[in-house]
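These notes are about the structure you will find just below.
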Amino acid sequence: MIELKTITKIAIRAIRANKMRSSLTSLGIIIGVAAVIVMLAIGHGAQISIQEDMRTMGSNLMIVRSGTSTSGGARGGRGSLPTMKAADGDAIQEKIAKVRLAAPVLEQTSQIVYGNANWATSTTGTDNRYFEIKDWALDYGRNFSESDIKNAAKVTVLGKTVVTELFGDVDPLEKTVRIKGMPFTVIGVLQKRGENGMGMDQDDAVFIPITTAQKKVIGITFPDQVNMIMLQAVDGEATYSSQDDIAQLLRQRHNLGTNKENDFVIMNLTQMQEMMESSTQILTVLLGSIASISLLVGGIGIMNIMLVSVTERTREIGIRMAIGAKAWDIRWQFLMEAIVLSLIGGLVGIVTGLVGVEVMKLFTTFTLKIAWAYVVIPFVFSGLVGVMFGFYPAYKASLLNPINALRYE
């Protein structure tokens, strides 16, 4: 049997003898590999983008909102029946071992004024547990102190967008802003977060102590009222396993009888995150599968051209057989040509795909991320395409009768 090195040299010589035809044959593989890389980069980038957006919301997160209301036969949405208290969150954190933190949240859109500048934004009453849950650090200044919470102090922590809109380049620390006409001292500025997955500017926010919001800024219908309680479980699994315990505790605290519905709603954001990540994984596989069709089309092109090559080189095959070449020698010769064509197309396709990704980064807003596996897999697949679609022409060549092949014109 002819050694692999010799077979490879013969294959490369045959490919170089028909450069234009070989280039056009490899073009299908080039396009296929490049398309797979770009599509997988788009899908992987979408997955990473969602993960980053969810990370800014907080990890292992649950939200408890007030329930629905019914009036005159009309049923309101979540939160329309105010039932939640900040003390409910404290009780959950204290008594449910799988809940690490519970932050009260009372929010309303308010006008905030500094000098001649004013800005309408979300004003949120909470405490420092909120920032810990969301892993949102200060850029400078300080957070709320225990004294601020206890005494319902008129102090505020601002998001970057609010600072830009009201202060421009002026340092806002210790400056006085007015929220609903009341003076508040700026004690801190949060690090920039940017937009979340729903396109909302997370930095367009003002934070005040929960007690200040309850007593002085936001109207409430009963003492200690909040819109919702933000919970952080100890891990992702606990967001599922702790829900029944949380519901049972809240039913006891709200004095709900056996036949009464829950007057609260528990939302598991970890479940939402997992569903979104699962969707992007499916999208990535779908995009990669669609692009892989181009590789198969390229493989069909290789098979077609190799069949033509076998027909054109019938006399050459007859001569090789007449001087002692075995059937497997002929098969390896034509199979190696198909593999080399595919691998050359795969290498050029990788370069084309990587360049295509960089170009898309410049001219689109898509998040594109290349993993090495997304480069290696298409290249390996291109080689397999050469084997699969090159085998039949090679097998057909090996079946030729030497005498008939020598007589072929």
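Give 221, 239, 211 a once-over and let me know the one that is touching a residue at least 12 places away in the same chain (Cβ under 8 Å) and under 11 Å from residue 106 (Cβ atoms). Write out each step before concluding.
Values: 221 fails: under 11 Å from residue 106 (Cβ atoms); 239 fails: under 11 Å from residue 106 (Cβ atoms).
None of the other options fit; the residue is 211.
Could you please find all residues in the stretch 228-250 being assigned to a loop (DSSP other than H, G, I, E, B) and surrounded by fewer than 20 Cβ atoms within 10 Å (Cβ to Cβ)? Spell out how you get there, then give the answer.
Taking the stretch 228-250 and keeping what is assigned to a loop (DSSP other than H, G, I, E, B), we get 234-237, 242.
The answer is 234, 235, 236, 237.
Taking the stretch 118-147, which residues are acidic (Asp, Glu) and on the phi > 0 side of the Ramachandran plot? Spell out the reasoning first.
Our first condition is that a residue be acidic (Asp, Glu); within the stretch 118-147, this holds for 127, 132, 135, 139, 146.
Result: 135, single match.
For residues in the stretch 129-156 being out of contact with any Gly (no Cβ under 9 Å at 6 or more places or on another chain) and part of a loop (DSSP other than H, G, I, E, B), which is surrounded by the fewest Cβ atoms within 10 Å (Cβ to Cβ)?
Checked the stretch 129-156; the qualifying residue surrounded by the fewest Cβ atoms within 10 Å (Cβ to Cβ) is 137.
Let's see how each residue does on (1) modelled with pLDDT of 95 or more; (2) within 25 Å of residue 104 (Cβ to Cβ):
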position: 137; (1), (2): no, yes
position: 146; (1), (2): no, yes
position: 156; (1), (2): yes, yes
position: 161; (1), (2): no, yes
position: 165; (1), (2): no, no
position: 170; (1), (2): no, no
position: 181; (1), (2): no, yes
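Could you list all residues from the stretch 92-109 that are buried (at least 18 other Cβ atoms within 10 Å of the Cβ) and either small (Gly, Ala, Ser) or on the phi > 0 side of the Ramachandran plot (or both)?
Those that are buried (at least 18 other Cβ atoms within 10 Å of the Cβ) and either small (Gly, Ala, Ser) or on the phi > 0 side of the Ramachandran plot (or both): 102, 103.
Out of (1) assigned to a strand (DSSP E or B); (2) surrounded by fewer than 17 Cβ atoms within 10 Å (Cβ to Cβ); (3) modelled with pLDDT under 90, the odd one out for residue 62 is which?
Of the numbered conditions (1) assigned to a strand (DSSP E or B); (2) surrounded by fewer than 17 Cβ atoms within 10 Å (Cβ to Cβ); (3) modelled with pLDDT under 90, the odd one out for residue 62 is (2).
Residue 206: farther than 24 Å from residue 86 by Cβ, touching a helix residue (DSSP H, G or I) at 6+ places or on another chain (Cβ under 7 Å) and not in a loop (DSSP other than H, G, I, E, B), yes or no? Full working, then the answer.
Values: farther than 24 Å from residue 86 by Cβ: no; touching a helix residue (DSSP H, G or I) at 6+ places or on another chain (Cβ under 7 Å): yes; not in a loop (DSSP other than H, G, I, E, B): yes.
Taking the combined requirement at face value, the residue does not satisfy it.
Do the conditions hold for residue 192, that is, is it at pLDDT below 95, among the basic types (Lys, Arg) and more than 36 Å from the chain's Cα centre (by Cα)?
Values: at pLDDT below 95: yes; among the basic types (Lys, Arg): yes; more than 36 Å from the chain's Cα centre (by Cα): no.
No; evaluated as a whole, the condition is false for this residue.
For residue 174, are the conditions met, namely being within 22 Å of residue 114 (Cα to Cα), among the charged types (D, E, K, R) and free of Cβ contacts under 8 Å to residues at least 24 places away in the same chain?
Values: within 22 Å of residue 114 (Cα to Cα): yes; among the charged types (D, E, K, R): yes; free of Cβ contacts under 8 Å to residues at least 24 places away in the same chain: yes.
So residue 174 fits the description; yes.
How many residues, within the stretch 85-103, are more than 34 Å from the chain's Cα centre (by Cα) and outside any helix (DSSP H, G or I)?
Going through the stretch 85-103 one residue at a time, the tally reaches 1.
Considering only the stretch 157-173, I want to know if a residue exists there that is surrounded by 15 or more Cβ atoms within 10 Å (Cβ to Cβ), in contact with a Ser or Thr (Cβ under 6 Å, 6 or more places away or on another chain) and part of a strand (DSSP E or B).
No, that holds for no residue.
When you look at residue 347, is it surrounded by fewer than 21 Cβ atoms within 10 Å (Cβ to Cβ), in contact (Cβ under 8 Å) with a residue 40 or more places away in the chain and within 25 Å of residue 23 (Cβ to Cβ), yes or no? Reasoning before the result, please.
On the way: surrounded by fewer than 21 Cβ atoms within 10 Å (Cβ to Cβ): yes; in contact (Cβ under 8 Å) with a residue 40 or more places away in the chain: no; within 25 Å of residue 23 (Cβ to Cβ): yes.
So residue 347 fails the test.
Starting from the stretch 309-329, take each residue that is assigned by TED's automatic domain parsing to the domain that holds residue 392 and modelled with pLDDT of 70 or more and list its partners that are charged (D, E, K, R) and not in a helix (DSSP H, G or I), counting only C-beta distances under 9 angstrom and pairs at least six apart or across chains.
Partner pairs satisfying both residue conditions: 315/409.
The values are calculated or read from the model by the stated rules, or taken from the named source; none is laboratory data. Here the structure is a predicted model, which means the values were calculated and not measured. We place every Cβ from the backbone using ideal geometry, glycine too, and count neighbours over all the protein chains shown.
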